[in-house]
Each structure stands twice: as C-alpha cells, then as structure tokens.
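Student: Sharing a structure with you now.
Quick note: the coordinates plus some simple rules give every number you see, no bench work behind them. Keep in mind that this is a model prediction, so the values were computed, not measured. Because the Cβ atoms are built from the backbone with ideal geometry, glycine has one as well, and the counts that use them run over all protein chains shown.
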Amino acid sequence: MTSSFGRFFLPGPTEVRREVLEAMLGPMIGHRTVEMEAVMERIQPGLQQVFRTGRPVYVAPASGTGMMEMGIRSVARRRVLSLVNGAFSERFARIAELCGVELVRLDVGWGEPHTPEQLGDAMAGGDFDTVTICHSETSTGVLNPLEALARVAHEYGAMVCVDTVSSMAGARVETDGWELDFVATGSQKSFALPPGLAFGVAQPAVLERAAANDRRGLYFDVLEFERNLEKSQTPNTPAVSLMYAAAVQMEAIVREGVENRWARHDAMAERTYAWVAEMRDQGYGVDILAPEGYRSPTVTCVTVPEGVRATDVCAAVHARGFVIAPGYGKAKDAMIRIGHMGDHTVQELDALLDILSDVFAEVLAPHG
Ligand SMILES: *Cc1c(COP(=O)(O)O)cnc(C)c1O
C-alpha cells in the first residue's frame, strides 16, 4: 500500500491498492489455455464466499449494468415489477422496458426504502413473473431490506433480479440463503477492483427459465456463461489483465474474511454517521438522506443546506487532495456522497472527515 492510499472516496470506482494494480502487468495469455483456466479457478472460491453461494459466479468483461441486463434477459418473461427509489433502480426498470417486457414501476421517493408491505400490495393481482430490486441505491445511500422483499416476491410466485453493485463485498448478501434468483454486481465498488468486470449468479431455476426464452441475445446469454464456466472458461475473450487483478484481490478478501470485511464497512458507516451528528450539533444544517435502519454500509449521502452547492464542497475537498462525489443526476447540488467502501479503513476515513470538517467551516459556515 502506498502512502497516498486513502484519499479517493468516490462511491465507485473506488481506490485500488498498488498490489492489485501491479497484478495487471502480467503477460497476455490465450483464453482457451490451462493458464487462463487457472486464473478463473483462483477467482471462483473468493467470489463464491463473497456471494455466499455454492453456484458458479459468472465473470463478464462489462460494467455492472451489463450483468443487470443479463439478469433481465435471463429472468424476465412477460410482466416485470421494478422497485424504483433512485437513479440505479431506475436504470434497472429502463433495461426491462428496453428488453421488451411489460413494465410496472413501484416508485417511492429518492431517499426512501421499499417496504415488504408496499411490495405485497403491488404484487397482489399483478401477475408479475419478475421483480427487480436495487439492494444499495448508490444515488441515495438507501439499503433496501432485500431478504424480506425477496420473500414477498416469492410468495407471489415471482423471481427476483437483484442489483448488488454497491453492496456486494461490503454488505451482507446471502445469495443462496435468501434464495436470490439472479444477483448482479460489478468490480469497481466494494470489491476495490478496477472497473470493467461484472460478476453474477443465477440459480438453477433461472437457467430453466432462460432455456425457454428465445430472446436471450448473444453477449449476455446466461446459458453460454454457465456452459463455459463448467470448464473454467468464458464465452468470449475475457478481460485478461482485470482477471489477474481479480485473482490477487479475491485472495486478499478471503484472507481478510468476508464477515470481517462487512464489519469494517459497518464501522466506517457508523463513524460517518457520528461525524454527521457532530456537524449537525455544530449547527451546519446537514443530514443523512437515508432513514435510520435503511442505510447502506458502503455509501452515505449527506444533504447540505439550501444555498450551498455540493459541487463547491467537493471542489474544496479536491483542492485538499481528497475526492468525494456530489449528488447523482438531479440531486447533484443537494448532497455529497461519501463512498466508504472497498479497501478503506476507519483510520483513512477519519482523515477525510477531518478535511471535510475544515471544508464545512469554509464553505458551509457562512450559510449557517
Ligand atoms: C455503480 C452502480 C451501477 C452501475 O454500474 P456500472 O458498473 O457503471 O454499469 C448499478 N447499480 C448500482 C447500485 C451502482 O452503484
């Protein structure tokens, strides 16, 4: 780890350790070779531990959105209910719509979670075969109650397609234990890998559904991923260099222990909440967007008072050598987003929060 590690707190991509970056300097190898199969075999056990699954974990050269599209193409048949509470859950709904299924949205406000009761009401008489759920909505910092929502969807006979792009490897996701039918994620958030790999798991029932669907397309055909992975291969040319990085990082994650990794993220989130409370006590008029009990352990959205532009806060932070994000899309100037995920520690986060306290004194104080 270099001394400069610990200054980059975007909620994706996240900071990547030097050891992981250096792994990408390995030579090119043919993708139908035993060497490449060995790389895949190094990656799989760690991925299975993180996903908490006995199923193989697909590795695609794509960003997380690609794996979300694979989920829709594999699972969605005719009528889909999309739970929308921010920009990324909105994207899931868009994918379903553009893949040609009948789409119904269950919208709640940005910053709100979906409750099992709301889902139950929406499912009743809706005849949905699929429900899309975003676990950790990175545009708001809301963590949806995934286990309970999946249970309700199943009670009504639907399968769930889950976006865990910013939660997987930072928050508990029990793919098999919660009977999640299709789970999609990407490399560049809590895995602390460079962007460019997407990971996904499909339960056997999904493969059956996919086999009966002739609009699976080619690139994201789940059956091709499944068939190739039986030989530790991928349907097309894998992102060789990124897979070298993934091999090193997955082994590091196994050494840390998945539950320890979740606990480290919980500790960073708690530290962030305590700091926001401190700032509020000092009269800065800031707050956490997500309600208590529904906060993502990987990203916190802190609302700033009216008259303050979040982009100005981010610029002042940047001038001090650190990076955080403003709000996403339409919420750009209303909040800052701190990505306390990946390989960061509470100690590194503390350095950022000290800087942010100084920035608040400079940028927010005149508005207090
Ligand atoms: C980052 C993110 C995505 C999109 O991922 P890409 O890798 O940019 O395609 C989707 N969902 C959530 C929750 C995310 O945080």
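Student: With 10 angstrom as the radius, rank GLU97, GLU348, GLU155 by how many other C-beta atoms surround their C-beta, starting from the fewest.
Tutor: In increasing order of surrounding Cβ atoms, one gets GLU155, GLU97, GLU348.
Student: How large is ³J(HN,Hα), in whole Hz, for each residue of the range 37-45 in order, when computed from phi with the Karplus curve 6.51 cos²θ - 1.76 cosθ + 1.60 and θ = phi - 60°, using x for Gly and Pro?
Tutor: 4, 5, 5, 4, 5, 6, 7, 4, x
Student: To the nearest Å, what is the center-to-center distance of the range 39-102 and the range 295-368, using C-alpha atoms only?
Tutor: Answer, in whole Å: 30.
Student: How big is the gap, in Å, between the Cα center of the range 160-194 and the Cα center of the range 130-144?
Tutor: 11
Student: For the chain, take the alpha-carbon Rg, divide it by the Kirkwood Rh, and send me Rg/Rh.
Tutor: 0.98
Student: Quick check on the chain: helices-only [θ] at 222 nm, where DSSP H runs of length 4 and up contribute -39,500 (n - 2.57) each and the sum goes over total residues. Nearest 500, please.
Tutor: Per the formula, -12500 deg cm²/dmol.
Student: Based only on other Cβ atoms within 10 Å, what is the fewest-to-most ordering of PHE191, PHE51?
Tutor: PHE51, PHE191
Student: Of the beta bridges DSSP finds with both residues in the range 18-256, what % are antiparallel, to the nearest 5?
Tutor: 40
Student: Given R₀ = 30 Å, what would the calculated FRET efficiency be for ALA277 paired with ASP312, taking r from the Cβ atoms and rounding to 0.05?
Tutor: Computed FRET efficiency for ALA277 and ASP312: 0.85.
Student: Full-extension gain between ILE29 and GLN118, please, as 0.36 nm times their residue separation minus the C-alpha to C-alpha distance.
Tutor: Answer, rounded to one decimal: 27.0 nm.
Student: If you take the beta carbon distance between GLU41 and ASP358 as r and set R0 to 51 Å, what does 1/(1 + (r/R0)^6) give as a FRET efficiency, to the nearest 0.05?
Tutor: The value I calculate is 0.60.
Student: For GLU251 and VAL346 in the same chain, what is the full-extension length gain: residue separation times 0.36 nm, less their Cα-Cα distance, in nm?
Tutor: Difference between extended and current length: 32.0 nm.
Student: Continuing with this model, one more query. Going by how many other Cβ atoms sit within 10 Å of their own, how do MET36, MET68 line up, fewest first?
Tutor: So the residues, fewest neighbours to most, are MET36, MET68.
Student: Name the lysines eligible as straight-distance cross-link partners of LYS189: C-alpha to C-alpha under 27 Å, and not fewer than 8 places from it in the same chain.
Tutor: Result set, ordered by chain and number: LYS330, LYS332.
Student: Long-range amide H contacts for VAL160: which residues qualify at under 5 Å (H placed 1.01 Å from N, peptide plane, sequence gap of 5 or more or a different chain)?
Tutor: Close amide H contacts, sequence-distant or interchain: VAL131, ASP181, PHE182.
Student: To continue, here is another question. Along the Cα→Cβ direction, 7 angstrom out, place labels at ASP221 and ALA263. What is the inter-label distance in nm?
Tutor: Rounded to a tenth, the inter-label distance reads 4.6 nm.
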